[in-house]
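**Student:** Would you mind keeping the following structure in view while I ask a few things?
The values are calculated or read from the model by the stated rules, or taken from the named source; none is laboratory data. No experiment lies behind these values; they were computed from the predicted model shown. Note: ideal-geometry Cβ built from the backbone for every residue, glycine included; neighbour counts use all protein chains shown. Note: accessible area is taken over every heavy atom of the protein model, side chains too, but ligands, DNA and RNA are not part of it. Shrake-Rupley method; radii C 1.70, N 1.55, O 1.52, S 1.80 Å.
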Amino acid sequence: MAFKSAYLQGVYETVEKRNPNEPEFLQAVREVLESFEPVIEKKPEIIETGVIDRIVEPERFIQFRVSWVDDNGKVQVNRGFRVQFNSAIGPYKGGLRFHPTVNASVIKFLGFEQIFKNSLTGLPMGGGKGGSDFDPKGKSDGEIMRFCQSFMTELSKHIGADTDVPAGDIGVGAREIGFMFGQYKRLRNEFVGVLTGKGLTYGGSLVRTEATGYGLLYFTNEMIKCMKNETFEGKTVVISGSGNVAIYATQKAQQLGAKVVALSDSSGYIYDKNGIQLDVVKQIKEVERARISEYAKRVPGSEYHEGCRGIWSIKCDIALPCATQNELNGEEAQMLVDNGVMAVAEGANMPSTPEAVEVFLKNGIMFGPAKAANAGGVATSGLEMAQNSARYSWTAEEVDAKLHNIMINIFHSAYNASEEFGQKGNLVMGANVAGFMKVADAMKWQGVAY
Ligand code: GLU
């Protein structure tokens, strides 16, 4: 579909030409540019600043070889990436993803989204992202350590506490961050806050582990309260995924009085009509690093179904996709709507396809897009950076209160922008525009060359 604005159409065509064969990146850029239609109409002077032409091109893109030796003494080679997308409002900030599907397109879509998400938090963080096509599944701790060390040997040349501060994402948790932090310190002889998501004994922040999931629930709770005067009390919730985001989203949903009935991994999903027992999930996923199918073997009355996409056929009031990009398509969105879903909020990055988003918006479903709804993780990373700079740490209550406040503010920024630009309640547009405005202003004042 063509853009209404010839200018935006031109920007998109340039991006398309420069980045052929990068479907995820183009998908993310198209969605954001579509949100700018009302901005161009209301503030056409933005065109002259060239801010939109500039924001779609990464400031820097680094690709490197990561070679390491496996437990059998065999040399393995993976590809590493870091995109430093935008530093207008702060050092580049964003996670590292280790997953076989990682490529330039995936890293660029994630880095692009991170610009707007980080801006929405209100904290001074630019946008970046990185990772590798390395698959941590089935690897020993020794293999993970050697891979992380090799990865950091190159990455360390490009990052720094005031330059670029990576963190975790899919496949990168406390274990991987620890190995990478150790290697950075070894290479540079500097104990600095160059990574977030660190362990609590060496500069990590309380509540960082829980932050993305908790933040998703704080955001969604505010959204359903303000838009439809609703609460989580007694609601049936379906959450996809079973990683860090899904686990702590489940925990907070249960604390708010909801019943979470399903979780998934890339092989299939579990359905427990009595409500998911989170201690069992945590044992399986966090301690044993095993598959979610184990749950059905251990909890009587629960079921396991092959194929993760079937999770969207379960009837629920609120759906929280927390697995990965494009995990929920138009047909599946329609199934959720037909089954009476009231709200959908994204814990993963870009989990809903453009067709799915259209189905939700057209049917008046309250929809919290990833950039707003899952910003609690990076927001708490920002709080970790602040604590590291001050050489001080806050209590769990202090961090949690700040996170809560940030998520409430994000909802209102997105909602207010949706109203200001004439599409009240469209939080996709509202989040993109609210995140963009601050970055655009900073880019304008900093001049064209950087
Ligand atoms: N990977 C997370 C995200 O998608 C967190 C990034 C961070 O903490 O820097 O926002």
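**Student:** Of all residues in the range 88-110, count the ones that are in a helix (DSSP H, G or I) and more than 10 Å from the ligand (Cβ to nearest atom).
**Tutor:** 6
**Student:** Within the range 99-108, can one find any residue that is touching a strand residue (DSSP E or B) at 6+ places or on another chain (Cβ under 7 Å) and hydroxyl-bearing (Ser, Thr, Tyr)?
**Tutor:** So far as the range 99-108 goes, no, none of its residues is touching a strand residue (DSSP E or B) at 6+ places or on another chain (Cβ under 7 Å) and hydroxyl-bearing (Ser, Thr, Tyr).
**Student:** Checking the condition modelled with pLDDT of 95 or more, of a type in the set (A, V, I, L, M, F, W, C) and buried (at least 22 other Cβ atoms within 10 Å of the Cβ), which residue from 290, 356 passes?
**Tutor:** 356
**Student:** Sticking with this structure for a sec: Report, by residue number, each residue of the range 359-407 that is in a loop (DSSP other than H, G, I, E, B), more than 14 Å from the ligand (Cβ to nearest atom) and not aromatic (Phe, Trp, Tyr).
**Tutor:** 363, 364, 365, 391, 393, 395
**Student:** Here is a follow-up. Taking the residues in the range 152-170 that are away from the ligand (no atom under 11 Å from the Cβ), open to solvent by less than 30 Å² (accessible area, probe 1.4 Å) and not in a helix (DSSP H, G or I) as candidates, determine which candidate is farthest from residue 131 (Cα to Cα).
**Tutor:** 160
**Student:** Please work out which residue is nearest to the ligand (Cβ to nearest atom), limiting yourself to the range 192-207 and to residues that are more than 11 Å from residue 385 (Cα to Cα) and touching a helix residue (DSSP H, G or I) at 6+ places or on another chain (Cβ under 6 Å).
**Tutor:** 207
**Student:** A further question on this structure: Need pairs with beta-carbon distance below 6 Å; first residue free of Cβ contacts under 8 Å to residues at least 12 places away in the same chain and within the range 8-26, second open to solvent by 60 Å² or more (accessible area, probe 1.4 Å); sequence gap 6+ or separate chains.
**Tutor:** 9/2
**Student:** Starting from the range 185-212, keep only residues that are within 16 Å of residue 156 (Cβ to Cβ), then list their pairs with residues that are open to solvent by 50 Å² or more (accessible area, probe 1.4 Å) and within 12 Å of the ligand (Cβ to nearest atom) whose Cβ atoms are within a distance under 8 Å, requiring at least 6 positions of separation or different chains.
**Tutor:** none
**Student:** In this structure, does residue 35 turn out to be closer than 23 Å to residue 349 by Cβ, hydroxyl-bearing (Ser, Thr, Tyr) and touching a helix residue (DSSP H, G or I) at 6+ places or on another chain (Cβ under 7 Å)?
**Tutor:** Here the answer is yes, as residue 35 does meet what is asked.
**Student:** Continuing with this model, one more query. Checking residue 63 against (1) open to solvent by 40 Å² or more (accessible area, probe 1.4 Å); (2) part of a helix (DSSP H, G or I), which test does it fail?
**Tutor:** Going through the list (1) open to solvent by 40 Å² or more (accessible area, probe 1.4 Å); (2) part of a helix (DSSP H, G or I), residue 63 breaks only (2).
**Student:** I'd like to check something: does the range 262-272 contain any residue that is farther than 23 Å from residue 411 by Cβ, of a type in the set (Ser, Thr, Tyr) and open to solvent by less than 10 Å² (accessible area, probe 1.4 Å)?
**Tutor:** Checked against the condition, which is being farther than 23 Å from residue 411 by Cβ, of a type in the set (Ser, Thr, Tyr) and open to solvent by less than 10 Å² (accessible area, probe 1.4 Å), the range 262-272 yields at least one hit.
**Student:** Can you work out which of the residues in the range 421-450 that are polar (S, T, N, Q) and in contact with a helix residue (DSSP H, G or I) (Cβ under 7 Å, 6 or more places away or on another chain) is surrounded by the most Cβ atoms within 10 Å (Cβ to Cβ)?
**Tutor:** Residue satisfying both the conditions and the ranking: 432.
**Student:** When only residues in the range 346-358 that are within 13 Å of the ligand (Cβ to nearest atom) and in contact with a strand residue (DSSP E or B) (Cβ under 7 Å, 6 or more places away or on another chain) count, which is nearest to residue 400 (Cα to Cα)?
**Tutor:** This residue is 347.
**Student:** Any residue at all in the range 44-53 that's more than 19 Å from residue 166 (Cα to Cα) and in a strand (DSSP E or B)?
**Tutor:** Scanning the range 44-53 turns up no residue that is more than 19 Å from residue 166 (Cα to Cα) and in a strand (DSSP E or B).
**Student:** Can you tell me how many residues in the range 413-443 are under 16 Å from residue 122 (Cα atoms) and of a type in the set (D, E, K, R)?
**Tutor:** Number satisfying all stated conditions: 2.
Let's see how each residue does on (1) surrounded by fewer than 23 Cβ atoms within 10 Å (Cβ to Cβ); (2) assigned to a loop (DSSP other than H, G, I, E, B); (3) touching a Gly at 6+ places or on another chain (Cβ under 9 Å):
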site	(1), (2), (3)
113	no, no, yes
135	yes, yes, yes
192	yes, yes, yes
196	no, yes, yes
